[in-house]
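Following: one structure in structure tokens, then a few remarks.
Bear in mind these aren't lab numbers, they're just calculated from the coordinates by the rules spelled out. Note that the structure is a prediction, hence the values are computed from the model and not measured. All Cβ positions, glycine included, derive from the backbone under ideal geometry; neighbour counts span all protein chains shown.
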Amino acid sequence: MHLSADRRCRPLSFVLTPGQAADSPRFTAVLERIKVRGPIGRPRTRPAAVAADKAYSSRANRAYLRRRRIRA
């Protein structure tokens, strides 16, 4: 299970995969599923910043964050 959570440890999105699936390739899939509903308007889909361990520090993941203007 690959999960994203906010600062209060509330889950925002998750992707369920087989046990042997690596973490790094699932990074973009987890971020793509984030939808934070507000009182009005469309749900937010882009967090301001992402904190993750070194396993997610690949060139592809960092390029994805730069394209979406998300701080690492």
Quick one: 13, 57, fewest Cβ neighbours within 10 Å first, how do they rank?
-> 57, 13
Once the dipole of the chain is set up from charges on Cβ (+1 Lys and Arg, -1 Asp and Glu), the residue from the list 9, 38, 27 lying farthest towards its positive end is 38
Around residue 12, which amide H atoms from residues at least 5 apart in sequence, or from another chain, sit under 5 Å from its own amide H, with H modelled in the peptide plane?
-> 4, 5, 6
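Under a point-charge model restricted to the Cβ atoms of Lys and Arg (+1) and Asp and Glu (-1), what is the dipole moment magnitude of the chain relative to its Cα centre, in debye to the nearest 20?
Numbers: 18 positive and 4 negative charges, 96 e Å.
Dipole size: approximately 460 debye.
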Give a residue-ordered list of calculated ³J(HN,Hα) values for region 29-43 (Karplus: 6.51 cos²θ - 1.76 cosθ + 1.60, θ = phi - 60°; whole Hz; x for Gly, Pro).
-> 5, 5, 5, 5, 8, 5, 9, 9, 7, x, x, 9, x, 6, x
Using a Förster distance of 30 Å, the FRET efficiency for residue 12-residue 57 (Cβ separation, nearest 0.05) | 0.90
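Quick one: compute a quarter of the convex hull surface over the Cα atoms of the chain and quote it in nm². Walk me through the numbers before you get to the answer.
Numbers: hull surface 20.9 nm².
Average of the hull's projected areas for the chain equals 5.2 nm².
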